[in-house]
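Student: Can you read through this structure? Questions will come right after.
The values are calculated or read from the model by the stated rules, or taken from the named source; none is laboratory data. Every value quoted in this text rests on a predicted model; they were computed, and no experiment measured them. Here Cβ is always computed from backbone atoms with ideal geometry, including for glycine, and neighbour counts include all displayed protein chains. Heavy atoms of the whole protein, side chains included, go into the accessibility calculation; ligands, DNA and RNA do not. Shrake-Rupley method; radii C 1.70, N 1.55, O 1.52, S 1.80 Å.
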Amino acid sequence: MATPEGSPDLRGKVALVTGASSGIGEALARALAGQGARVAIAARRGERIHALADELTATGAEVLAVPTDVTDESAVQSLVAQTVARFGGLDILIPNAGFGYRAPIVEGDTARWKAMLDTNVYGVLLSLHYGVPHILARGRGDVILLGSVAGRTVTTGGAAYSASKSAVRAISEALRQEMSRKNVRVTLLEPGVVASEFQAVADYPPGFIDNWLGGTPPLLPVDIASAVLAVLALPPHVSLNEILLRPTGQTNP
Ligand SMILES: NC(=O)c1ccc[n+]([C@@H]2O[C@H](COP(=O)([O-])OP(=O)(O)OC[C@H]3O[C@@H](n4cnc5c(N)ncnc54)[C@H](OP(=O)(O)O)[C@@H]3O)[C@@H](O)[C@H]2O)c1
């Protein structure tokens, strides 16, 4: 349900966001809590998510921080169980945790590829496998997945990251079909460049992003959060399945 201003009224809703220790996930947690949702936040850096939970709790929000590695099946199972035990169910699931690593195929660090695919693909599948049954138990709800413009196109050095985000695109469409008669809306967000810790984690060389932006501003995590709130504000019979959003100045990819 939307408020007259067009923002969703999320009071009484329970959201679970992975990768909430920085960037997009942190902005999502803030935005969802700001609309009245009770929010479970997860990431490996426990001190970060506990600090965020403390900050939001001080504003009157209900936030549960659960240190979690999304590649660890029993940890994801426990994350979902703790969320449901604390808040009584689940309405909005955002398996956002992920990272990038670019390298030509003959030069790439194979262990880094494996960690990235485990996180970006297997971690998403685990989060959905354990989380979606609780949304189904509510009778309706939302799943929002973080793909990337890199899931639609590939550039040199981007084989593994683009493969991971193409996989998220496939997972999103399969889930959409599986949920379409069950009142669960599925949205794939495919951002271009978003300023976050992503670029540092990916070890992008200085100036790399500027090749894409030409000195124009990137998206901010709060822009992604605004798009998510817009999706959640739509009437229940409207499912915005795919959103490709680039910074206006991003020409390629
Ligand atoms: N930034 C961009 O340009 C961009 C563009 C398109 C799509 N995306 C996607 O958006 C999502 C969020 O990225 P971001 O830009 O917000 O980057 P970010 O600031 O680096 O945040 C990534 C988050 O993922 C978490 N994470 C990584 N591995 C994890 C694991 N194994 N278990 C649990 N949490 C893990 C990190 O927390 P810990 O390190 O504390 O675990 C962090 O909270 C990713 O899926 C990314 O691929 C980003």
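Student: In region 167-206, which residue that is open to solvent by less than 50 Å² (accessible area, probe 1.4 Å) and of a type in the set (Gly, Ala, Ser) is nearest to Glu26 (Cα to Cα)?
Tutor: The selected residue is Ser196.
Student: Out of all the residues in region 64-99, which are among the β-branched types (Val, Ile, Thr) and either more than 15 Å from the ligand (Cβ to nearest atom) or open to solvent by 60 Å² or more (accessible area, probe 1.4 Å) (or both)? Give the derivation first.
Tutor: Taking region 64-99 first, the residues among the β-branched types (Val, Ile, Thr) are 66, 68, 70-71, 76, 80, 83-84, 92, 94.
Correct list: Val84, Ile92.
Student: Also, quick follow-up: Looking at Leu90, Leu79, can you tell me which residue is touching a residue at least 40 places away in the same chain (Cβ under 8 Å), out of contact with any His (no Cβ under 6 Å at 6 or more places or on another chain), of a type outside the set (D, E, K, R) and on the phi < 0 side of the Ramachandran plot?
Tutor: Details: Leu90 fails: out of contact with any His (no Cβ under 6 Å at 6 or more places or on another chain).
None of the others qualify; the one that does is Leu79.
Student: Just the residues that are more than 8 Å from the ligand (Cβ to nearest atom) and either surrounded by 24 or more Cβ atoms within 10 Å (Cβ to Cβ) or without any contact (Cβ under 8 Å) to a residue 12 or more places away in the chain (or both), please, taken from region 39-56.
Tutor: Val39, Ala40, Ile41, Glu47, Ala51, Asp54, Glu55, listed by residue number.
Student: Have a look at Ile105, Ile92 and point out the one that is over 23 Å from Ser21 (Cβ atoms) and among the β-branched types (Val, Ile, Thr). Break it down stepwise before answering.
Tutor: Details: Ile92 fails: over 23 Å from Ser21 (Cβ atoms).
Residue meeting the stated conditions: Ile105.
Student: Then there's this: If the requirement is being more than 18 Å from Leu10 (Cα to Cα), away from the ligand (no atom under 13 Å from the Cβ), touching a strand residue (DSSP E or B) at 6+ places or on another chain (Cβ under 6 Å) and in contact (Cβ under 8 Å) with a residue 24 or more places away in the chain, which of these qualifies: Gly157, Gly131? Outline the logic, then answer.
Tutor: Values: Gly157 fails: touching a strand residue (DSSP E or B) at 6+ places or on another chain (Cβ under 6 Å).
One residue alone meets the criteria, Gly131.
Student: Given Val143, Val124, which one is assigned to a helix (DSSP H, G or I), touching a strand residue (DSSP E or B) at 6+ places or on another chain (Cβ under 6 Å) and not polar (S, T, N, Q)? Before the answer, list the steps.
Tutor: Numbers: Val143 fails: assigned to a helix (DSSP H, G or I).
One residue alone meets the criteria, Val124.
Student: For Arg102, only one of the following conditions fails: (1) touching a Phe, Trp or Tyr at 6+ places or on another chain (Cβ under 9 Å); (2) among the charged types (D, E, K, R); (3) open to solvent by 60 Å² or more (accessible area, probe 1.4 Å); (4) over 21 Å from Val228 (Cα atoms). What is its number?
Tutor: Failed condition: (3).
Student: Going by the structure shown, is Leu189 modelled with pLDDT of 95 or more, assigned to a strand (DSSP E or B), within 14 Å of the chain's Cα centre (by Cα) and at negative phi?
Tutor: Working: modelled with pLDDT of 95 or more: yes; assigned to a strand (DSSP E or B): yes; within 14 Å of the chain's Cα centre (by Cα): yes; at negative phi: yes.
Yes: the conditions hold for Leu189.
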